[in-house]
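The values are calculated or read from the model by the stated rules, or taken from the named source; none is laboratory data. It should be emphasised that the depicted structure is a prediction, and the values quoted were computed from it without experimental measurement. We place every Cβ from the backbone using ideal geometry, glycine too, and count neighbours over all the protein chains shown.
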Amino acid sequence: MLPALMLSCVQRSEARALTIPQLEAAGLNVKVFLDACNPIGRGGNGPIGLEAVRHAMRVGGPHLVVEDDIDLAPDFTYFLDAALESGAVVYFYLHDRPDRMRMHYGSLAEAIEAGRPLKRQLRKPTVPRYLFGSQCVLIPEKLLPVVESNQARYGDAFDGNIQRAITQAGWPVLVALPHPVQHRHDRTARVPDSRVKRSLSFELPRLEV
């Protein structure tokens, strides 16, 4: 079973109760790393991110990093199988801000915003930067030490250190489209945030490859 490392807060048991059964049904072995979040520190999930990546290095193999407030599409395992074959870092979800979609997907962003059907694909982002969010990211085994080095050095949010590792190692990165993961944006034990952090492509009709 592929390991899934879940970063969460002690107070977020309700979010975990909604998410973990979905991950287990997809054949994932979920290990939860809890922060006291009383309050959550300046580094966000940095401390438990370091704990999680060091655990992954001991276990070996690729690991899926997940947050506790996500929902999976019925075709999630299709994308997961393709991601494991790719050898790339694969993002199954990104915050679909229009400016970043245009940066990452070029003309495809227009189709997503218009709600048009989309072919299932792992797409190389035109600009492999600003891929923020660790809602659901596959990290290959050989990149884990680079992530660990950055997490130990900077100690800040885990998603930023995944980004640093990708850049330093020149590692290939892909994005699953339409996103097979949706973000519920549960702010329990987190700083209030009114920004919209959702996938626009999650509910798009899928076209067969």
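Would you check which residues across segment 84-117 are outside any loop (DSSP other than H, G, I, E, B), over 15 Å from the mean Cα position of the chain (by Cα) and either hydroxyl-bearing (S, T, Y) or surrounded by 18 or more Cβ atoms within 10 Å (Cβ to Cβ) (or both) and list them?
Residues satisfying the conditions are S86, R100, M101, H104, Y105, L108, A109, I112.
Okay, residues lined up against (1) crowded, with 19+ Cβ neighbours inside 10 Å; (2) in a helix (DSSP H, G or I); (3) modelled with pLDDT of 90 or more; (4) of a type in the set (S, T, Y):
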position: A15; (1), (2), (3), (4): yes, yes, yes, no
position: I20; (1), (2), (3), (4): no, yes, yes, no
position: L34; (1), (2), (3), (4): no, no, yes, no
position: L50; (1), (2), (3), (4): yes, yes, yes, no
position: H55; (1), (2), (3), (4): no, yes, yes, no
position: A82; (1), (2), (3), (4): no, yes, yes, no
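Report, ordered by the first and then the second residue, all pairs with beta carbons closer than 8 Å, sequence separation of six or more or different chains, a first member in segment 146-166 that is of a type in the set (D, E), and a second member that is assigned to a helix (DSSP H, G or I). Close Cβ pairs (under 8 Å, with a partner that is assigned to a helix (DSSP H, G or I)) amount to E148/L50; E148/V53; E148/R54; E148/M57; D156/G46. The set of residues from segment 121-151 being crowded, with 17+ Cβ neighbours inside 10 Å, modelled with pLDDT under 95 and of a type in the set (V, I, T) is empty.
Close contacts from segment 8-22, counting a first residue that is within 18 Å of G49 (Cα to Cα) and hydrophobic (A, V, I, L, M, F, W, C) and a second that is in a helix (DSSP H, G or I) and modelled with pLDDT of 90 or more, with Cβ to Cβ under 9 Å and a gap of 6+ residues or different chains, come to C9/A15. For the subset of segment 113-140 comprising residues that are touching a residue at least 60 places away in the same chain (Cβ under 8 Å) and small (G, A, S), which member is farthest from V53 (Cα to Cα)? So the residue we want is G115. Of all the residues in segment 1-13, those that are at pLDDT 95 or above and among the hydrophobic types (A, V, I, L, M, F, W, C) number 4.
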